[in-house]
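One structure is given here, and the rest of the page talks about it.
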């Protein structure tokens, strides 16, 4: 078994090299902020993901503030920490002028004891410095990012991160985690230039780290990092990519479609067991209608609540889940109006249409038109389900017709019903098939 702690510190090449030590090794990676590529593997179910969200007892969230380089604010915050018997980290990641920064802090706080630590120091001197800091022999440690991982100083409960806009989200979250390691309230100050002087990505990073301050919020920060930097190359060495150009949901959709296609074609032999499962020929259905299917303003008047419910509705997969959703609506908002009833039935219509191999459904002007799968070579056209549809059409010529029509994407097979003047009628017709 291979256990990789602080996974965000290891590149893809290094982790792959570690795996070559032995074949078929089981790997467990531990991190507060997984790199986008690792998180993406978990989201697409290629790796299992466990989130430990319960903090140790008596821990408090770290109060995070974004400030400019203001000498008075810095002096007051350090003085407050020293007066309550605590210690301070001041992160400045440039060795060439780290002594000047330490000198500035000494002038602001003449009585404070200040130490300097960085990676170019002699190992023994650095070790002695850190032991002195842990033993509370001085008040402020001015250092580079060498303190980022694994350092536990329970008495240090204020941290300043200078030029925070130059760090990645993972670095910022890890450095913030150096404080608040006891039962005392901790403070973190991100020192940045004004927002308009930062790049768009830097601004997004700072806003994300300021927003997610709760204990165990590393997974949220990693998700934001995935959104900002992209998922990377799943088969190569890139740890981040350009997911944001097309949007996270579109990226996931394209990825899932590609994986399904590979399972059905090149890797068919490997996924023989999957062939026993009922096959889904249609992954997603588009529905256009002139009926009012929505949550009306006078039923749910908070926009954010309506959006949340639409999102929740889109994730439902079974009749049991839909019924439970319906009961919750009635319990929270009262009797369901016609528009909401039609909205719930439209979900049932989509489920049925997908089973019937319909990719697009139009419900307009008292007609219901279903567009079957565009790919003429699809296995759906040899399936028992399509035979069932054909038999229904032959037996019910008075209410429906089936014909081919030339569209901009080539020939499409269409199923048309007339006199469909309600959502309930549309549902009943599809249920008959």
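The values are calculated or read from the model by the stated rules, or taken from the named source; none is laboratory data. The shown structure was predicted, so the numbers you read here are calculated from the model rather than taken from an experiment. Cβ atoms come from the backbone with ideal geometry, glycine included; neighbour counts cover every protein chain shown.
Which one of 270, 255 is surrounded by 12 or more Cβ atoms within 10 Å (Cβ to Cβ), modelled with pLDDT under 75 and not assigned by TED's automatic domain parsing to the domain that holds residue 173?
255
Taking residue 183 as the residue in question, decide whether it is farther than 18 Å from residue 70 by Cα, surrounded by fewer than 16 Cβ atoms within 10 Å (Cβ to Cβ) and in contact with a strand residue (DSSP E or B) (Cβ under 9 Å, 6 or more places away or on another chain).
no
State yes or no: is residue 160 within 30 Å of residue 196 (Cα to Cα) and either part of a helix (DSSP H, G or I) or in contact (Cβ under 8 Å) with a residue 24 or more places away in the chain (or both)?
yes
Which condition does residue 402 not pass, out of (1) touching a residue at least 40 places away in the same chain (Cβ under 8 Å); (2) at negative phi; (3) over 39 Å from the mean Cα position of the chain (by Cα), if it passes all the others?
Unmet for residue 402, out of (1) touching a residue at least 40 places away in the same chain (Cβ under 8 Å); (2) at negative phi; (3) over 39 Å from the mean Cα position of the chain (by Cα): (1).
Please state which of the following conditions residue 39 fails to meet, knowing it meets all the rest: (1) assigned to a helix (DSSP H, G or I); (2) assigned by TED's automatic domain parsing to the domain that holds residue 191.
Unmet for residue 39, out of (1) assigned to a helix (DSSP H, G or I); (2) assigned by TED's automatic domain parsing to the domain that holds residue 191: (2).
With 396, 424 as the choices, which residue is over 20 Å from residue 286 (Cβ atoms), in contact with a helix residue (DSSP H, G or I) (Cβ under 7 Å, 6 or more places away or on another chain) and surrounded by fewer than 17 Cβ atoms within 10 Å (Cβ to Cβ)?
None of the others qualify; the one that does is 424.
Hey, could you check region 382-393 for residues that are without any contact (Cβ under 8 Å) to a residue 24 or more places away in the chain and in contact with a strand residue (DSSP E or B) (Cβ under 9 Å, 6 or more places away or on another chain) and say which is surrounded by the fewest Cβ atoms within 10 Å (Cβ to Cβ)?
Checked region 382-393; the qualifying residue surrounded by the fewest Cβ atoms within 10 Å (Cβ to Cβ) is 390.
For residue 206, are the conditions met, namely being part of a helix (DSSP H, G or I) and in contact with a strand residue (DSSP E or B) (Cβ under 7 Å, 6 or more places away or on another chain)?
yes
Name the single residue, out of those in region 1-29 being in contact with a helix residue (DSSP H, G or I) (Cβ under 7 Å, 6 or more places away or on another chain) and within 18 Å of residue 226 (Cβ to Cβ), that is surrounded by the fewest Cβ atoms within 10 Å (Cβ to Cβ).
Selected residue: 12.
Condition (residue is touching a strand residue (DSSP E or B) at 6+ places or on another chain (Cβ under 7 Å) and in contact (Cβ under 8 Å) with a residue 60 or more places away in the chain) applied to region 17-38: is it met by at least one residue?
Scanning region 17-38, I find no residue that is touching a strand residue (DSSP E or B) at 6+ places or on another chain (Cβ under 7 Å) and in contact (Cβ under 8 Å) with a residue 60 or more places away in the chain, so the answer is no.
Can you tell me which residue among 216, 180, 247, 230 is on the phi > 0 side of the Ramachandran plot and at pLDDT 85 or above?
180
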